[in-house]
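Working notes, structure below.
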Amino acid sequence: MNNFEEKKNKALKVLSEHEDSKLLTHLNSCVHCGLCAESCMYYLTSNDERYIPAKKVDLVASIYQRYCTFTGKYFPFLGKARELDEAAAEEMTDLLYGACTLCGRCTKHCSIGVDIGFVIKKGRQMLTEMGYTPASLQSTVNAAINSGNNMSIPESELRDTLTWLEEDLRDEVNDPDASIPLNVPNADILYTLNPREPKFFPLSISAMAKIFYAAKESWSLSTQMYDVTNYAYFTSSKSEAVTIAERLYNETVNLNAKRCVLAECGHGSRAFRWEAPNYLQKQFPFETITSVELMAEYISKGRIKLDKSINKEVVTLHDPCNLVREGGVIEPQRYVLKNAASEFVEMTPHGIDNFCCGGGGGQLAMSEYNERRMKTAEIKAEQIRKTGAKVVVTPCHNCVDQLMQIDNKFKLGVQVKTLAEIVADAIILD
Amino acid sequence: MALYRIVSLIAFLICFASLAYHFLRLIRFGVPKDYSVKKGNTAAAIAYSYTGGMNPLKKESAYLHYPTYTAGILYHTGTFVSLVLFFLFLLNTGFSSSVQWALVCVLAVSAASGLGIFIKRTALNKLRYLSNPDDYVSNLLVTLFQLFTLIVLIDGAFAPYYYISASVLFLYLPLGKLKHSIYFFAARYHLGFFYGWRGIWPAGNEERTR
């Protein structure tokens, strides 16, 4: 058996392993009506038929047909059932990795109800089994596996950053006892970070620390495992996703925190809250919520007080797909913004119909598809422009990155902030 | 009973058994087991998936494509009417003239819709690119079945052709995309379960966002 045959067999195994009826269902449901095309930003910004979501489903389904169905085995011409060869694998890589952010918008609007993102992730899993994962994305996963965080930040660097952030916090709240607690056992909350925060956006850590201070919260960060992201979710490598998820699970258990609070990261919150219990095949003994929901809770319970007149400029909200359409956190961020900003305007469309910023699905990590990614951003740029807002808030550091690039490319003249930053600005300390 | 009627009945039974196999396989594979903490109401969301979630105002595949959506609804209506008539014909059920012509009108509209969908598939680059032979064959067989149902309502002399078209359709149905007659319902179930578990559906949680 040659090398490719071995890889192929591994990939085909993905299509024959059924945890339940979901895979079987979605591989047999698409009717090629093509009505999903206009729900996909890749198609909308290019008119390229290859980007129609149904085509991406077909890349996986046609291989399934060829190897797993009677019709595909004996009458392959009928459904264009396809051999899994190197050409097919390369086309799958280009379209399933390079032309999809897994935003789930096509699924929500599919005439049948095909979970297109789920099928595309199965296709990615096949490619990962074959070693076709884009090197740039795989290197992000490798960094997380090898160093404990996806940016390979050494612990000493993290501690240095947190030390000066703590000093800044003391100055800001005028309290020499204010702190950013590290590795404290039995705290009510273990707070996580997106490694982009200590690396590039430390002010969002300051903002959350100020919110915890104002709420008089019992909380801690861990220097051992704080990374909320799980890029193996994007590569669909189950073993690597398990490794990353297990570390955060173990750290929360070891520190005996009551709640694991997920930083503003769309895919990270999805990966740990919704996927990790299934990766690890167990229910978690602690509560897992997003910082977005926590901030809404603080406001509604009166644990923090805000003066929204401090944030005078018009604010709009970008809904991260994995948090909102795929994660069910729809209203809390709106509730927070209505309390933290003088004027909040919605994009059109928004909520579960919102368009992806273009940076999801691992796109920001895959530099080989940069041009395509920024082309899709035309839609988000136009959405933002139409709101007239001067500040774009988004509870996701991945989206923050992409929105800053959109601002730069399309000359929008907006500030991009996390939700914690705008809340921290509006906090009134006792 | 004429031979062509017996053949069509056997074809139907083969079709039914094949679809039952697909259905039972879905049941055997089972429903998702999710270890995460459920946030919403899956039962309500699954019900919503089959009802409010199908509201054309909620889906771009409908509200951005009203002519196609309408044609699709009419076409499927004609298919269900034709299937019911198939059994009524086997039972030698007669119709009053007004019912007969009402059915003819329904089937004329639905078959025209089916033909329209076929023309669209052949005419648009986007759809031609997506399509495979099964898409065309399925569309044609169902449209022909509706047309022959219409014709046989008008003139019983065409019964042999009608039953042959029905037989071919029934034998082909489990082989290609027409088996979405089973998988459609499973897809809506899974969609409702997914959105319901995470508290995205039902409609109370879904803001009208356009």
Hey, does segment B:146-159 have a residue that's closer than 30 Å to A:Cys36 by Cβ, outside any helix (DSSP H, G or I) and not acidic (Asp, Glu)?
-> no
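Given the criterion without any contact (Cβ under 8 Å) to a residue 24 or more places away in the chain and within 17 Å of B:Asn132 (Cα to Cα), identify the matching residue among A:Tyr64, A:Tyr74, A:Tyr43.
Numbers: A:Tyr64 fails: without any contact (Cβ under 8 Å) to a residue 24 or more places away in the chain; A:Tyr43 fails: within 17 Å of B:Asn132 (Cα to Cα).
On inspection, the qualifying residue turns out to be A:Tyr74.
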Looking at this structure, is B:Tyr162 open to solvent by 10 Å² or more (accessible area, probe 1.4 Å), assigned to a helix (DSSP H, G or I) and among the aromatic types (Phe, Trp, Tyr)?
-> no
Taking segment A:38-59 on its own, how many of its residues are touching a Leu at 6+ places or on another chain (Cβ under 7 Å) and either open to solvent by less than 20 Å² (accessible area, probe 1.4 Å) or modelled with pLDDT under 95 (or both)?
-> 4
Considering only residues that are closer than 18 Å to A:Trp219 by Cα and in contact with an Asp or Glu (Cβ under 9 Å, 6 or more places away or on another chain), look in segment A:265-297 and name the one that is nearest to the other protein chains (Cβ to nearest Cβ).
-> A:Ile289
Failed condition for B:Glu206, given (1) closer than 23 Å to B:Pro56 by Cβ; (2) modelled with pLDDT of 95 or more, with all others met?
-> (2)
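Considering only residues that are of a type outside the set (Gly, Ala, Ser) and open to solvent by 40 Å² or more (accessible area, probe 1.4 Å), look in segment A:77-93 and name the one that is nearest to the other protein chains (Cβ to nearest Cβ).
In the first step, residues of segment A:77-93 are kept if they are of a type outside the set (Gly, Ala, Ser); the result is A:77-78, A:80, A:82-86, A:90-93.
Checking which are open to solvent by 40 Å² or more (accessible area, probe 1.4 Å) leaves us with A:77, A:80, A:82-83, A:85-86, A:90-91.
Numbers: A:Phe77: 6, A:Lys80: 4, A:Arg82: 10, A:Glu83: 15, A:Asp85: 18, A:Glu86: 22, A:Glu90: 19, A:Glu91: 13 Å.
Applying the filter and picking the extreme gives A:Lys80.
Regarding A:Leu35, is this residue within 28 Å of the chain's Cα centre (by Cα), closer than 15 Å to A:Lys122 by Cα and buried (at least 18 other Cβ atoms within 10 Å of the Cβ)?
On the way: within 28 Å of the chain's Cα centre (by Cα): yes; closer than 15 Å to A:Lys122 by Cα: no; buried (at least 18 other Cβ atoms within 10 Å of the Cβ): yes.
Judged against the criteria, A:Leu35 is not a match.
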Please indicate, with yes or no, whether at least one residue in segment A:48-60 is in a loop (DSSP other than H, G, I, E, B) and more than 27 Å from B:Lys59 (Cα to Cα).
-> no
Filtering segment A:227-251 for residues that are in a strand (DSSP E or B) and open to solvent by 10 Å² or more (accessible area, probe 1.4 Å) leaves a count of 0
Neighbours by Cβ (under 6 Å, 6+ apart or cross-chain): first from segment B:132-147, of a type in the set (Val, Ile, Thr); second open to solvent by 10 Å² or more (accessible area, probe 1.4 Å) | B:Val142/B:Thr79; B:Thr143/B:Leu115
Can you name every residue in segment A:107-137 that is open to solvent by 20 Å² or more (accessible area, probe 1.4 Å), under 30 Å from B:Pro56 (Cα atoms) and not in a loop (DSSP other than H, G, I, E, B)?
-> A:Phe118, A:Lys121, A:Lys122
Within segment A:350-368, residues being aliphatic (A, V, I, L, M), part of a helix (DSSP H, G or I) and under 18 Å from A:Asn398 (Cβ atoms) number 2
For strands (runs of 3 or more DSSP E) lying entirely in segment A:258-349, having 2 or more residues that are open to solvent by 10 Å² or more (accessible area, probe 1.4 Å) picks out A:287-290, A:343-345
Identify all residues within segment B:25-46 that are under 29 Å from the mean Cα position of the chain (by Cα) and either more than 11 Å from every other protein chain (Cβ to nearest Cβ) or over 21 Å from A:Glu17 (Cα atoms) (or both); write none if there are none.
-> B:Asn41, B:Thr42, B:Ala43, B:Ala44, B:Ala45, B:Ile46
Taking the stated definitions as given, is A:Ala245 in contact (Cβ under 8 Å) with a residue 60 or more places away in the chain, touching a Leu at 6+ places or on another chain (Cβ under 8 Å) and within 28 Å of A:Ala209 (Cβ to Cβ)?
-> no
If you take the residues of segment B:1-36 that are in a helix (DSSP H, G or I) and farther than 23 Å from B:Tyr172 by Cβ, which of them is least open to solvent (accessible area, probe 1.4 Å)?
-> B:Phe29
Got a number for residues in segment B:57-104 being within 23 Å of B:Ser181 (Cβ to Cβ) and part of a helix (DSSP H, G or I)?
-> 27
Whichever residue in segment A:13-32 is at the interface with another protein chain (Cβ under 7 Å from one of its Cβ atoms) and part of a loop (DSSP other than H, G, I, E, B) and, among such residues, is surrounded by the most Cβ atoms within 10 Å (Cβ to Cβ) | A:Ser29
Out of all the residues in segment B:37-54, which are exposed (fewer than 13 other Cβ atoms within 10 Å of the Cβ) and touching a helix residue (DSSP H, G or I) at 6+ places or on another chain (Cβ under 6 Å)?
-> B:Lys38
So which residues in segment A:384-423 are open to solvent by 10 Å² or more (accessible area, probe 1.4 Å) and of a type in the set (Gly, Ala, Ser), if there are any at all?
-> A:Gly388, A:Gly413
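Residues are listed down the side, and each one gets a yes or a no for (1) closer than 21 Å to A:Cys396 by Cβ; (2) within 18 Å of the chain's Cα centre (by Cα); (3) without any contact (Cβ under 8 Å) to a residue 60 or more places away in the chain:
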| residue | (1), (2), (3) |
| --- | --- |
| A:Gln138 | no, yes, no |
| A:Ile153 | yes, no, yes |
| A:Asp160 | no, no, yes |
| A:Thr163 | no, no, yes |
| A:Ala209 | yes, no, yes |
| A:Ala214 | no, no, no |
| A:Thr223 | no, no, no |
| A:Asn230 | yes, yes, no |
Residue match in segment B:174-188 (condition: at the interface with another protein chain (Cβ under 9 Å from one of its Cβ atoms), on the phi < 0 side of the Ramachandran plot, aromatic (Phe, Trp, Tyr) and buried (at least 22 other Cβ atoms within 10 Å of the Cβ)) | yes
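Answer yes or no as to whether B:Thr143 is assigned to a helix (DSSP H, G or I), among the polar types (S, T, N, Q), away from chain A (no Cβ under 14 Å) and open to solvent by less than 60 Å² (accessible area, probe 1.4 Å).
Numbers: assigned to a helix (DSSP H, G or I): yes; among the polar types (S, T, N, Q): yes; away from chain A (no Cβ under 14 Å): yes; open to solvent by less than 60 Å² (accessible area, probe 1.4 Å): yes.
Criteria met by B:Thr143.
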Flagged in segment A:341-368 as more than 11 Å from every other protein chain (Cβ to nearest Cβ) and of a type in the set (A, V, I, L, M), in numbering order, are A:Ala341, A:Val345, A:Leu364, A:Ala365, A:Met366
With B:Ser110, B:Ser96 as the choices, which residue is away from chain A (no Cβ under 14 Å), surrounded by fewer than 16 Cβ atoms within 10 Å (Cβ to Cβ) and among the small types (Gly, Ala, Ser)?
-> B:Ser96
Across segment A:67-95, what is the total count of residues that are part of a helix (DSSP H, G or I) and under 19 Å from A:Thr25 (Cβ atoms)?
-> 5
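The values are calculated or read from the model by the stated rules, or taken from the named source; none is laboratory data. Just so you know, these numbers come straight off a predicted model, no measurement behind them. Cβ: placed from backbone, ideal geometry, glycine included. Neighbour counts: every protein chain shown. Just the protein is used for accessible areas: all its heavy atoms, side chains included, with ligands, DNA and RNA removed. Shrake-Rupley method; radii C 1.70, N 1.55, O 1.52, S 1.80 Å.
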